[in-house]
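Input: a single structure, listed below in structure tokens.
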Amino acid sequence: MISIQQILFYAVIGAATIILLSSSIDIGVAIVGKALSSPTMTIDFDVDFDQHDDATTETETVDTDPILPITARKLALARGETVVSDVLPKLLQMSSETRKINESELPYSCGAVLFYHIPGTGGKAIRDWLKKLVEAHEEIATFFSSEGLDYAGFASGVDAQIQSIGSNNWKFIYAHDNSIVLGDDSHRLNQWRDVVASQKCRFLLTTTFQDPMDHSVSHTKKEFAKCNCEMEIFKSFVQKLVEFKPWRGQLDYLLYNTDESRIEHSSMDQKGKVKKGLRLLKNQFDVVVIDDHNKYADTILKVTGWPSPAEIPQKVLSDSRDLVFTKEMVSSWGKMSSKNGDADFIDAVNHVFFNSLGYLMEQ
């Protein structure tokens, strides 16, 4: 037989269960009611973004260029939006608006090729190859370099080079440190293009980029060589760089060259800089490659109609001395590329110039 104590025990358990179920229902009803009465309620995804990201402090950043994928995703989530499907079509639209070389017109009879060398992209190998190309055709080609010059000296030198090219001649111009601030000197590029075109020749602005991780490896090797210190000391140095002052990346060098003051005093945010860099490439550059020196060389050979004097040596990312690429260092590189804008910028360049996600539009 069931005792009175057992009956009382079961009664207490049953009462507690009823109270629990009742409370759960009340809580659920309250949540649903609050959600229905507050249509703007959103879930906090802990998105790290700038509250003033839409504010533009320089008029040149106000345009219809696309918001970049990563930035758009962050902003959409922060605003409670879920649709960023317009990003890819806009990037592909930019792709259709880039400068193109019409291969049916090749080779051109004469022209000027300006190679803008961004540090850490293997540009010295291209410079040396261009020199050999000129040496092999020294009767009709010349080579002019920014090395040893300042900004004014380089500009006046280019002016002199392109004044009288000749009906079958080519001018090869190498621009590196202290050569030209492309972000502010687009008018000069237009002037040079017009001068060359007036002689019925072609002006080609060219450059090469590198994957952000490979670029960070190149830069790290250079910094380690300059440090002349033990690995642990250098690792601490790199981590402090990431935290306090990201090194000048490919985007900053494209826009500002070696002019650190323009980088430090620029009022543009990272999104503005990336968009400005994309506009510059779209409007001014005739040849853009990423991690592909052979493609660069093939394009120049098609443009001139000349045979290659030699192969361009490929960039080798080998370790040097006691440098060990640790997990912490690789993580630091990723943070650095995000801070200096290279991660978003190179990603966008891949979309615009190489249609890296174009296949998604076909599905």
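Would you check which residues across the range 175-184 are open to solvent by less than 40 Å² (accessible area, probe 1.4 Å), part of a loop (DSSP other than H, G, I, E, B) and of a type outside the set (S, T, N, Q) and list them?
Just the residues of the range 175-184 that are open to solvent by less than 40 Å² (accessible area, probe 1.4 Å), to begin with: 175-176, 179-183.
Those left that are additionally part of a loop (DSSP other than H, G, I, E, B): 176, 179-183.
Matches in the range 175-184: His176, Ile180, Val181, Leu182, Gly183.
Of all residues in the range 197-225, those that are more than 22 Å from Ile165 (Cα to Cα) and open to solvent by 10 Å² or more (accessible area, probe 1.4 Å) have Cβ atoms under 8 Å from Cβ atoms of residues that are among the aromatic types (Phe, Trp, Tyr) and modelled with pLDDT under 80, 6 or more apart or on another chain, in Pro212/Trp333; Met213/Trp333; Val217/Phe325; Val217/Trp333; His219/Trp247; Glu223/Phe234; Glu223/Phe237; Glu223/Trp247. Take the residues of the range 185-196 that are farther than 23 Å from Asp342 by Cα and open to solvent by less than 60 Å² (accessible area, probe 1.4 Å): which is nearest to the chain's Cα centre (by Cα)? Here the answer is Leu189.
A single member of Asp291, Asp298, Asp286 is over 22 Å from Arg193 (Cα atoms), in contact (Cβ under 8 Å) with a residue 40 or more places away in the chain and open to solvent by 10 Å² or more (accessible area, probe 1.4 Å), and it is Asp291. The number of residues in the range 156-174 that are aliphatic (A, V, I, L, M) and outside any helix (DSSP H, G or I) comes to 2. Screening the range 283-315 for residues that are out of contact with any Leu (no Cβ under 8 Å at 6 or more places or on another chain), part of a loop (DSSP other than H, G, I, E, B) and of a type outside the set (A, V, I, L, M, F, W, C) and picking the one that is modelled with the lowest pLDDT gives Lys315.
Mind checking which residues of the range 185-231 are outside any helix (DSSP H, G or I), touching a Phe, Trp or Tyr at 6+ places or on another chain (Cβ under 8 Å) and of a type in the set (D, E, K, R)? Passing the criteria: only Arg202.
Among the residues of the range 316-363, what is the count of those that are surrounded by 17 or more Cβ atoms within 10 Å (Cβ to Cβ), assigned to a loop (DSSP other than H, G, I, E, B) and at pLDDT below 80? So the answer is 1.
Among the residues in the range 232-243, are any open to solvent by less than 10 Å² (accessible area, probe 1.4 Å), among the hydrophobic types (A, V, I, L, M, F, W, C), touching a strand residue (DSSP E or B) at 6+ places or on another chain (Cβ under 7 Å) and touching a residue at least 60 places away in the same chain (Cβ under 8 Å)? Among the residues of the range 232-243, not one is open to solvent by less than 10 Å² (accessible area, probe 1.4 Å), among the hydrophobic types (A, V, I, L, M, F, W, C), touching a strand residue (DSSP E or B) at 6+ places or on another chain (Cβ under 7 Å) and touching a residue at least 60 places away in the same chain (Cβ under 8 Å), which makes the answer no.
The values are calculated or read from the model by the stated rules, or taken from the named source; none is laboratory data. Keep in mind that this is a model prediction, so the values were computed, not measured. Neighbour counts are summed over all protein chains in view; Cβ atoms, including those assigned to glycine, are modelled from backbone coordinates with ideal geometry. Note: accessible area is taken over every heavy atom of the protein model, side chains too, but ligands, DNA and RNA are not part of it. Shrake-Rupley method; radii C 1.70, N 1.55, O 1.52, S 1.80 Å.
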